[in-house]
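Every number in this text was worked out from the coordinates using simple rules, so none of it is lab data. Since this is a predicted model, take the numbers as computed values, not measurements. All Cβ positions, even for glycine, are placed from backbone atoms using ideal geometry, and neighbour counts span all protein chains on display.
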Amino acid sequence: MFQRRQETEQESATVETIDTPDGPFTLIEDAQGRVLASGWTGDALEVLERIHRTLRPFELVEGETQAAKAVVGYYAGDMQPAMEVPVRQHGTALQQRGWRELRRIPPGEPLNYTEFARRLGSPNAVRAAASVCAKNSPALFVPCHRVLRSDGSLGGFAWGTDVKQSLLDRERTARDSSLHRDRPVAADSLHDER
């Protein structure tokens, strides 16, 4: 259990760390089941520091979170439930719009910062678009890893570019196997073995 000086409306929140193929994943969830922050670390204080001071809980209590099931599902190939987990972040109107838009980027179809800025209605605001990603607290649930540099390179990621690359590879593989699985079979490719 961790305690901080009271400067927030949040009394306490639940913290849980689970194992993933990309390392420990820690998430902090408020009493309403909204993820305040998450990331690939076993250090709860590192995740806590990503929460805006007005939302940062006074106390963290170790326990089970509702959102952990969506993380397990994500790594099992069911990525959509993670986009439906409730989250709570403090930010400007542009940041709030950007965080909603990030959740609309399909897995396996990353955008670059210019395309992301265009989706935000400000095609020339590439730095602002990058800032939306950098200020994102509930990683995975708000998938800022799905935005790349304009040249296609990874760019930064709070939890390391190795994790970012792994997530992108996992999503591309899931998308490709879904496309292959859903592809109709041509009639002339079927063999009648009598």
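Per residue of the chain, what 222 nm ellipticity follows from adding -39500 (n - 2.57) for every DSSP H run with n ≥ 4, rounded to the nearest 500?
-10000 deg cm²/dmol
If you rank Phe116, Phe58, Phe157 by fewest surrounding Cβ atoms within 10 Å, what's the result?
Phe58, Phe157, Phe116
With both bridge residues required to lie in the stretch 2-172, what share of the DSSP beta bridges run antiparallel, to the nearest 5%?
Here the antiparallel bridges make up roughly 60 percent for the stretch 2-172.
For the residues Ser178, Ser166, what sequence is obtained by ranking on other C-beta atoms within 10 Å, fewest first?
Ser178, Ser166
Give me the number: length gained by fully extending Arg175 to Ala31, i.e. 0.36 nm times residue separation minus the C-alpha to C-alpha distance, one decimal in nm.
48.5 nm
Using a basic spin-label model with each label point 7 Å from the Cα along Cα→Cβ, how many nm lie between Lys69 and Arg100?
The modelled label-to-label distance comes out at 2.7 nm.
P(r) of the chain in 5 Å steps, Cα pairs, percent per bin?
Distribution as computed: 1, 8, 15, 19, 18, 14, 10, 6, 3, 2, 2, 1, 1, 0, 0, 0 percent.
Return the distance in nm (one decimal) between the two label points of a simple spin-label model at Thr20 and Arg118, each offset 7 Å from Cα along Cα→Cβ.
About 2.9 nm separates the two model spin labels.
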